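Okay, so here's the structure we're looking at.
The values are calculated or read from the model by the stated rules, or taken from the named source; none is laboratory data. These figures come from a predicted structure and were not determined experimentally. Heads up, the Cβs are rebuilt from the backbone with ideal geometry, glycines too, and the neighbour counts pull from every protein chain shown. For accessibility, only protein heavy atoms count, side chains too; no ligands or nucleic acids. Shrake-Rupley method; radii C 1.70, N 1.55, O 1.52, S 1.80 Å.
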Amino acid sequence: MSLSNLTVFMPSVLTLIGIPGLESVQCWIGIPFCAMYLIAMIGNALLLVTIRSEHSLHQPMYIFLGMLGATDIVLATSIMPKMLGVFWFHLPDINFDCCLFQMWLIHTFQCTESGILLAMALDRYVAICYPLRHATIFTTQLVTQIGAAVTLRAAILVAPCLALIKCRFQFYHTTVISHSYCEHMAIVKLAAGNVRVNKIYGLFVAFTVAGFDLTFITLSYIQIFITVFNLPQKEARLKAFNTCVAHICVFLQLYLLAFFSFFTHRFGSHIPQWIHILFSSFYLLVPPFLNPLVYGIKTKQIRINVVKICCSLYSVLSSLCNITIFQKKSQQ
């Protein structure tokens, strides 16, 4: 029997089934996912507005934080609308090229987020270990170049994944993706052919980005801790360490979730598939949800300016309501 009788030739549409094994309760799972997504959008948007509008926050640390917020918005938005469409409205079909584009967005901005966390760690390293040289090293131009470089690095590294899928595979065993979004290995597993090259390249990208970034983040914080603990005054040590707490929290929650998702996906064959899918979804959604909360709580300057903006918005809304009420009374 020919290969074409057993497989699908270049499918134009793929089907996302959501979370295998939990299809009957996906509508309920979508509720906390949607709540986290909305909080992530509001929190990161408020963070961006605060950093842009407040001149005192136009410093490398806060500019990098703004880049992280923008990355989180794109990352969460690339998966949640379609995921909620699958969960709530039974819209599982997705165009093949749109699926590949979603895959590219997800993995590109995952890599970008890792690169921004590395840049933030290097910024803290220079600020604490070489405070007198920080302003001359981390100029606005350098910060912009770093942001462009980490984004370009991610886009270039992930792009071959699309080419390898699009050019190497013509026949597919099935068009049904056992996932809630278009993930690289979930698409590769559909192909009727030798997928070893795709698997190897996917691992190469993961280990290149995570290995490089994680190594230099760790080295930066080793030097930071050595410098902090050598400071003569306790208050100075606490103040220096406090500037790193929020970044450490964000860094730990991102990489712990990433490694858990990675190892359970590849080596946890005895773990039910729904656990793999659920945790991989949390891995993409939890960082955008937690990052603005962590920085909002731990960073005094951001907290103060967010309160100012909220108070200003409240005053504007109150004024508009009063004007509306006055106009209605005048008409009566």
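Taking Cβ atoms as reference points and 14 Å as the exclusive limit, the residues near Ala127 contribute a net charge of +2, counting Lys and Arg as +1 and Asp and Glu as -1.
When peptides 137-145, 229-237 are sorted by average Cβ neighbour count within 10 Å, with the highest value leading, the order is 137-145, 229-237.
Report summary: the helix-based calculation at 222 nm, which adds -39500 (n - 2.57) for every DSSP H run with n ≥ 4 and divides by the residues of the chain, gives -27500 deg cm²/dmol.
Add +1 for every Lys or Arg and -1 for every Asp or Glu among the other residues with Cβ under 15 Å from the Cβ of Leu284, and state the total. Net of charged neighbours comes to -2.
Sequence-distant contacts, meaning Cα pairs under 8 Å at least 6 residues apart, place the relative contact order of the chain at 28 percent. In the chain, Rg over Rh equals 1.05, where Rg is the alpha-carbon radius of gyration and Rh the Kirkwood radius from pairwise Cα distances. Ordering 312-323, 292-303, 203-214 by mean Cβ neighbour count within 10 Å, with the highest value first, yields 292-303, 203-214, 312-323. In the chain, the longest principal axis of the Cα atoms and the axis of helix 300-331 are about 90 degrees apart. The mean accessible area for residues of the chain, using a 1.4 Å probe and ignoring ligands and nucleic acids, is 52 Å² per residue.
Mean projected area of the convex hull spanned by the Cα atoms of the stretch 96-203, taken over all viewing directions: 8.2 nm². Taking the chain as a whole, the Cys residues whose C-beta sits 4.7 Å or farther from every other Cys C-beta are Cys27, Cys34, Cys98, Cys111, Cys129, Cys161, Cys167, Cys244, Cys249, Cys310, Cys311, Cys321. The Cα-based radius of gyration of the stretch 1-129, divided by its Kirkwood radius, gives an Rg/Rh of 1.13. A simple spin-label model places pseudo-atoms 7 Å from Cα toward Cβ; at Gln141 and Leu238 they are separated by 4.1 nm. Only aspartates and glutamates eight or more places from Lys298 in sequence, or on another chain, were considered; those with a Cα closer than 19 Å are Glu54, Asp72, Asp123, Glu235.
For the chain, the fraction of 1.4 Å probe accessible surface lying on carbon and sulfur atoms is 70 percent. Working note: Cα atoms of the stretch 146-244, range along each principal axis, descending, whole Å: 67, 25, 22.
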